[in-house]
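One structure coming up, written as structure tokens, with questions to follow.
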């Protein structure tokens, strides 16, 4: 059976791998769909990825995220927004628009 320290280290490593995978997936999706990311979003993806690779997490304040989390709550939210932006750019527009507002 693993000691508590080994379990925590394994959990942190798992969170680090998941965060790096999510960052790379969002960056790849944005490039594949050729969605225009703002300069801030580009810098965000690069700097967060660098900090996770170097330190195992991208934030220092324990109040901003869980003890084994690699990204803070706000960083996770922003990453999801970037991924959503890339997903929406990939979807073709709906044919005919919304049916709710059409006049009879």
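The values are calculated or read from the model by the stated rules, or taken from the named source; none is laboratory data. Quick caveat, the model's predicted, so the values are computed rather than measured. All Cβ positions, even for glycine, are placed from backbone atoms using ideal geometry, and neighbour counts span all protein chains on display.
Given the conditions (1) over 26 Å from residue 7 (Cβ atoms); (2) outside any loop (DSSP other than H, G, I, E, B); (3) touching a residue at least 12 places away in the same chain (Cβ under 8 Å), which single one is not true for residue 34?
(2)
Only residues that are touching a residue at least 24 places away in the same chain (Cβ under 8 Å) and either outside any helix (DSSP H, G or I) or more than 14 Å from the chain's Cα centre (by Cα) (or both): list them for the range 46-63, please.
First, the residues of the range 46-63 that are touching a residue at least 24 places away in the same chain (Cβ under 8 Å): 48-49, 52-53, 56-58.
Correct list: 53, 56, 57, 58.
Residues that are closer than 9 Å to residue 86 by Cβ and not in a helix (DSSP H, G or I): does the range 17-27 have at least one?
No, every residue in the range 17-27 fails to be closer than 9 Å to residue 86 by Cβ and not in a helix (DSSP H, G or I).
Given 3, 72, which one is on the phi < 0 side of the Ramachandran plot, modelled with pLDDT under 95 and under 12 Å from the mean Cα position of the chain (by Cα)?
Being on the phi < 0 side of the Ramachandran plot, modelled with pLDDT under 95 and under 12 Å from the mean Cα position of the chain (by Cα) holds for just one of 3, 72, which is 72.
Assess whether residue 87 counts as being modelled with pLDDT of 85 or more, part of a helix (DSSP H, G or I), over 12 Å from the mean Cα position of the chain (by Cα) and buried (at least 18 other Cβ atoms within 10 Å of the Cβ).
Working: modelled with pLDDT of 85 or more: yes; part of a helix (DSSP H, G or I): yes; over 12 Å from the mean Cα position of the chain (by Cα): yes; buried (at least 18 other Cβ atoms within 10 Å of the Cβ): no.
Judged against the criteria, residue 87 is not a match.
Hey, can you tell me all the residues within the range 64-84 that are touching a residue at least 24 places away in the same chain (Cβ under 8 Å), surrounded by 18 or more Cβ atoms within 10 Å (Cβ to Cβ) and over 16 Å from residue 41 (Cα atoms)?
69, 70
Among the residues of the range 6-45 satisfying the criterion of being under 14 Å from the mean Cα position of the chain (by Cα) and surrounded by fewer than 13 Cβ atoms within 10 Å (Cβ to Cβ), which is nearest to residue 90 (Cα to Cα)?
Ranking the qualifying residues of the range 6-45, first place goes to 28.
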